[in-house]
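Please treat every number below as a calculation from the coordinates, not as lab data. For clarity, every value in this text was computed on a predicted model and none was experimentally measured. Neighbour counts run over all protein chains shown; Cβ positions are idealised from the backbone, glycine included.
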Amino acid sequence: MSLKDALVDAADDARVYDVTDRAVRVVQRRRTLTRLVPVAAALLVVAGLVGVAWPLSNGGGQEPSTAADGLPRQLTLDRSAPVLPEDRGVGPAALAFLYDDGDQGRWALLAADGRQYKVDGLRVDGMSPDGRWLLVLRSEGSWVLRDLTGTARQEFAGVDTSAGASWSPDSRRLVVQTSSRSGVTYTVDLTTGARSTAPPDLPRTARVCAVRNSGELLLCPLPESSFSGLRLADGTTGRIIRDIPTTDLGLRPTETLPESFGAPILDTDDRTLFMRTHDAADPGSAVGQNTFLVGFDLETGRLTHRYPLPDDIPGAQRPSNGGFEHGQPDARYVLGVHPEGPLLLHLTPSETDPFHVGSVTIELITRDTGTLHTVTHASSPIGLIRYPG
């Protein structure tokens, strides 16, 4: 697989629900049904999510090794939490999480002040980097954007499973694509609420991977694209400002971005783009060896970070219907970027049943040293976590 193909995969999967979708899709190869089949079926209809591995255990209750500002050391569900109110603000969000509610999966919001709220909607699809804005997918297939510090809200209709949204690092801009190819692309000024449709010269064979503070759009190629690598486009006209050829990224051809590793993500500095790469004997393998999180400067096209990561460990497998049923791997997914460094969502198999998710933790990569620390441990029944940005 070439780096262009890897970027195509990233663009095609650069959905706002990328972390959640990636984590669930790793275990969706399971062919046995869980007791949350109705919930999984509902998610499949709207978002392509199926086979959520409930119930979840707490993986032994390991303690975080360090703390990160704004993140709790221990994330525990408050079962008495109220539904997120529509008529008043509650303050910015620290994170959102999916939990097992007995017969269905539900989302909850952890506010910066430590209070929790249950979210009325099918899925939390994103939060602005400052935690002020929340994007929720409704059951009818529309996105609702709301201000968590007030009551302002907007709606985006016609959202399909290839929809995507990107926030600028300063939380002043949001780009929404209701579909990767045939949908409408909107740019929202979050300071005024004004929104406009896609600039006229925006290439139809590209996806918006990220939006910068200046309004510039970072484009990744779709499969039918003739260009390779990344492009920067003017956010007003859509005109291509600069190509970033793959040869300038300093990555060897074997260092690909597998389909399960998630999309590129902008750092808080507005110029460093993080991607997960690996050297694998099979470049298309979702579980590779010599795995890295690399960052490169959009202004110079040069690598600035290269953090070695623990290798993902394949899950258990057993014969099933003439094939094999695959269990939950010990795997990490890029969750977001904290001021102190990149964040990873670490999912491990249950110790009692390797075909179910067990421990769920957030890990921080320290910027200067590349040291990997566990900063948040989620207790059962929490299964997945989403971080602002």
Full extension between Asp269 and Asp160 adds, at 0.36 nm per residue less the Cα distance, a length in nm of 36.1 nm
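Is the shape of the range 290-389 best called rounded, prolate or oblate, per the rule: a/c under 1.5 gives rounded, else a/b larger than b/c gives prolate, else oblate, with a ≥ b ≥ c the square roots of the Cα gyration tensor eigenvalues?
Prolate is the answer for the range 290-389, as a/c is 1.5 or above and a/b outweighs b/c.
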Under the 7 Å Cα-to-Cβ spin-label approximation, Ala316 and Ser214 lie apart by a distance in nanometres of 5.3 nm
Over all directions, the range 115-157 yields a Cα convex hull whose mean projected area in nm² is 3.2 nm²
Rounded to the nearest Å, the spacing of the alpha-carbon centers of the range 332-389 and the range 58-136 is 15 Å
With 0.36 nm assigned to each residue of separation and the Cα-Cα distance removed, Arg204 to Thr369 gains 55.3 nm
Using alpha-carbon coordinates alone, the radius of gyration and Dmax of the range 102-199 in Å work out to 13.6, 46
One computes Rg over Rh for the range 324-363 from alpha-carbon atoms, with the Kirkwood Rh, and obtains 1.12
A student applying the Cα gyration tensor rule (rounded when a/c is under 1.5; otherwise prolate if a/b is larger than b/c, oblate if not) would label the range 166-223 prolate
Long-range alpha-carbon pairs in the range 74-155, meaning those over 17 Å apart, account in percent for 40 percent
If the chain between Thr151 and Asp170 were fully extended at 0.36 nm per residue, the gain over the current Cα-Cα distance would be 4.8 nm
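Calculate the FRET efficiency for Arg138 and Ser65 from the Cβ-Cβ distance with a Förster distance of 41 Å, rounded to the nearest 0.05.
The computed FRET efficiency comes out at 0.60.
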Pseudo-spin-label distance Glu325 to Thr192, built 7 Å along Cα→Cβ, given in nm, is 5.7 nm
